[in-house]
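Undergrad: First, the structure itself, so that you have it in front of you.
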Amino acid sequence: MELSQSLKEIERRAYRASFEDGFYEILWGAVFMLFAWIPVLQRFGIPRFYCYPLVLVFALIPILGKRLVTVPRLGAVEFGEKRKARSRYAALIGAAVVVLMLPLTVMMFAKGFPGGFAWRTAAMMVLPVVAIGVYFLDYPKMIIYAALLLYAIVSTEFLIPYLGKPLSTILSFGIPGLAIIGYGVFLLLKFLKKYPLPEAGVNDGGE
């Protein structure tokens, strides 16, 4: 029993270490910055619907970052079947939530809802995904980033009558976005220092 518990704790630490590289923080921050600058891009004639697919491009940040930076330092960790199953469940349920919320998303961005209802709709989309991520992925910091996202939405709605667009959006989304990116870079630098690359020529065989 003690050996089993020790192995679970080792696996849990290895899993948590995979979140220490800051790439998910940089991804979140990039999404914030995209939302901050969408009204500016619209001023230059770029429709907002052309901007949202950039989120899929930003998703490459943790994928490539872990492949090029994290795995060479930590190794390709093979987690247990239970943890892999939780990740699969999170992906499936999260995708289902996004698909179900897609009609609301299209209506909101097409201005089918009154302006004051926009942040409530966004909350309906964000909160289920965050709850799934926190539960299945064991990633509690998602709560903080989701709270900042909801704050940015509400702040934008509040500041529009006073500052107008795009300044209200730039401030509401841009400041948290820069803070999250800065935190991600800090984590990445700390990760690089904590887990340097193995020296060339070292192997497990001891030869």
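The values are calculated or read from the model by the stated rules, or taken from the named source; none is laboratory data. Note that this is a predicted model, so its numbers are computed, not measured. Cβ: placed from backbone, ideal geometry, glycine included. Neighbour counts: every protein chain shown.
Undergrad: Would you please name the residue that is surrounded by the most Cβ atoms within 10 Å (Cβ to Cβ), looking only at residues in segment 26-58 that are closer than 26 Å to R16 by Cα and modelled with pLDDT under 85?
TA: V55
Undergrad: Same structure, new question: Inside segment 31-74, counting only helices (runs of 4 or more DSSP H) that do not spill past its ends, which hold 3 or more residues that are touching a residue at least 24 places away in the same chain (Cβ under 8 Å) and aliphatic (A, V, I, L, M)?
TA: Details: elements: 54-58, 60-65, 71-74.
Filter on segment 31-74 gives an empty set.
Undergrad: Would you say A131 is at pLDDT below 75 and not in a helix (DSSP H, G or I)?
TA: Values: at pLDDT below 75: yes; not in a helix (DSSP H, G or I): no.
Answer is no for this residue.
Undergrad: Within segment 156-180, track down each residue that is within 15 Å of I144 (Cα to Cα) and buried (at least 16 other Cβ atoms within 10 Å of the Cβ).
TA: Within segment 156-180, F173, P176, G177, I180 meet the criteria.
Undergrad: What about L149, is it of a type outside the set (K, R), under 16 Å from the mean Cα position of the chain (by Cα), in a helix (DSSP H, G or I) and at pLDDT 70 or above?
TA: It is true that L149 is of a type outside the set (K, R), under 16 Å from the mean Cα position of the chain (by Cα), in a helix (DSSP H, G or I) and at pLDDT 70 or above.
Undergrad: Working only within segment 50-78, note down all residues that are more than 22 Å from E199 (Cα to Cα) and in contact with a Phe, Trp or Tyr (Cβ under 7 Å, 6 or more places away or on another chain).
TA: I61, P62
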